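Structure first, commentary second.
The values are calculated or read from the model by the stated rules, or taken from the named source; none is laboratory data. Every value quoted in this text rests on a predicted model; they were computed, and no experiment measured them. With ideal geometry, Cβ positions are generated from the backbone for all residues, glycine too; neighbour counts draw on all protein chains shown. We work out accessible area using only protein heavy atoms, side chains counted, and drop any ligands, DNA or RNA first. Shrake-Rupley method; radii C 1.70, N 1.55, O 1.52, S 1.80 Å.
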Amino acid sequence: MSDSIITIKSVASQQQLVIERPNQGLTLQGNLTVPGDKSISHRALMFGAIAQGETRIQGLLLGEDPLSTAHCLRAMGAEISDLNSQEVVVEGIGLGNIQEPTAVLDAGNSGTTVRLMLGLLASHPDRFFVISGDDSLRSRPMSRVVLPLMQMGAEIWGRQNNSRAPLAVQGKTLKGIEYCSPIASAQVKSCILLAGLNAEGNTTVIEPAISRDHSERMLKAFGAKISTDAETKSVTIQGGSTLTGRDVFIPGDISSAAFWLVAAIIVPDSELVIENVGINPTRTGILEALNRMDAEISIENRQVIAGEPIANLRVRSCQLKGAEIGGQLIPRLIDEIPILAVAAIFAQGKTVIKDAEELRVKESDRIAVMASQLSKMGANVTERPDGLEIIGKGNLIGTEIEAYNDHRVAMSCAIAALMAKGKTTINGAQAASISYPDFFETLEQICQIN
Ligand code: S3P
């Protein structure tokens, strides 16, 4: 790259990112990889910790969220090697053997850590646990996991009628249940499956739409007795199965790749190849949505590694058209909606994103925050109770943006800034390190000014 368009400053313990778009000649070019999948990273650490024997993990995401999972597991007796090494080794302590921690477990900003972990804690009798997290996590709803766990016999207390962290758990012997979840949530499903793993009898979870299935795939690979039925959208686990440690290869996170897909589409004359991205069908909603909008994305070099499909994604700039995105597609692209909203600003016509009310209870209220921040930049975005309506007209203008401590908001706005006239300042840009610590370095690497 000839000249940097990115500056990062520290302001009152926050990072302020300034992106100044040149008047002409900016394109994005090159081959790149994205960090390991966040969902799979959490699961590799957790399942490795409760397995028997050693689990060797390659490609672990070193974002703050999986690090929170690792710290909680260490506090309960799991031995996890240096997280910065190429291969992370987890010495499994075996199901039933997690120890009572001497302090409050800190899940940081990570919903996946607290919700999945609750399934484990609740099913370990005679031990007491308290789990909490940062301001955002303490405001997020936990009844979705607390209530089914209570049906299994769990004892859990928390603020606001047991619905908010800090949560206190007295571990018990749980009983398997059949649970019809009112929401399509992999966190809810995985929590109940983890509780079911150490419960008496079988546990079944039925979802209204299929959510990401990394837990099912990995639990099966670790030897759990688990079966899925795509037609009834149900999964059943047998209590008491033993997990055996194994090698896990973590593919690149499609949720991180999504930023580059949209960036290359909207910045004219760009072409990027994102290598080794996980393309598990429960996660590829973003590819389907962008294709529906006429994007040019090719899937190359498909392989299956350690039970997860991966491929290279080649993307070129093109003119998008508006589309309606909703229904069963939503759980398959839930984390990509903020960046999809940025793509829609550059599409011809109207894009409607609906059935996505879950976005209101993510790391921030992503419907309200994306609508307000993109509107500040001059986009025509209207908030709906369950999503966003966007009239594509381009013409963004650089301004001051707040990331609201939400990694996906920070990164989505940074991509919008590549197409905004003049200077965009993003306050709280350090949030990106939750899921993508090198995001800004990579952005700098692929920007070319001709
Ligand atoms: C995740 C599931 C999704 C997603 C989150 C990670 C997981 O949440 O938004 O970032 O790893 O299971 P829900 O399952 O609650 O929709």
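Screening VAL34 on (1) out of contact with any strand residue (DSSP E or B) (no Cβ under 8 Å at 6 or more places or on another chain); (2) within 16 Å of the ligand (Cβ to nearest atom) shows it passes everything except condition (1).
Does GLY349 count as open to solvent by 30 Å² or more (accessible area, probe 1.4 Å) and either within 16 Å of the ligand (Cβ to nearest atom) or not polar (S, T, N, Q) (or both)? Considered against the rule, which asks whether it is open to solvent by 30 Å² or more (accessible area, probe 1.4 Å) and either within 16 Å of the ligand (Cβ to nearest atom) or not polar (S, T, N, Q) (or both), GLY349 comes out as yes.
When PRO125, PRO148 are checked against the criterion of being within 26 Å of THR242 (Cα to Cα), open to solvent by less than 10 Å² (accessible area, probe 1.4 Å) and not hydrophobic (A, V, I, L, M, F, W, C), PRO148 stands alone in meeting it. The number of residues in region 144-197 that are under 22 Å from PHE47 (Cα atoms), in a helix (DSSP H, G or I) and of a type in the set (A, V, I, L, M) comes to 10. Count of region 273-282 residues, restricted to those that are within 23 Å of SER39 (Cβ to Cβ) and assigned to a strand (DSSP E or B), is 5. Of everything listed in (1) within 16 Å of the ligand (Cβ to nearest atom); (2) surrounded by fewer than 24 Cβ atoms within 10 Å (Cβ to Cβ); (3) not hydroxyl-bearing (Ser, Thr, Tyr), the single unmet condition for ILE337 is (2).
Residues of region 359-402 being open to solvent by 40 Å² or more (accessible area, probe 1.4 Å) and either at pLDDT below 95 or not in a strand (DSSP E or B) (or both), which ones?
Selection gives ARG360, VAL361, ASP365, SER372, SER375, LYS376, PRO385, LYS393, ASN395, THR399.
Candidates in region 173-219 are the residues that are among the charged types (D, E, K, R) and within 16 Å of the ligand (Cβ to nearest atom); of these, the one that is most open to solvent (accessible area, probe 1.4 Å) is ARG217.
Look at region 356-370 and say how many of its residues are in contact (Cβ under 8 Å) with a residue 24 or more places away in the chain and either within 22 Å of MET419 (Cβ to Cβ) or out of contact with any Pro (no Cβ under 7 Å at 6 or more places or on another chain) (or both). Walk me through how you get there before you give the answer.
The initial filter retains those residues of region 356-370 that are in contact (Cβ under 8 Å) with a residue 24 or more places away in the chain, namely 356-359, 361-364, 366, 369-370.
Retained after the next criterion (residues that are either within 22 Å of MET419 (Cβ to Cβ) or out of contact with any Pro (no Cβ under 7 Å at 6 or more places or on another chain) (or both)): 356, 358-359, 362-364, 366, 369-370.
The total comes to 9.
Residues in region 1-53 that are without any contact (Cβ under 8 Å) to a residue 60 or more places away in the chain and outside any strand (DSSP E or B) were compared, and the one that is nearest to the chain's Cα centre (by Cα) is LEU45.
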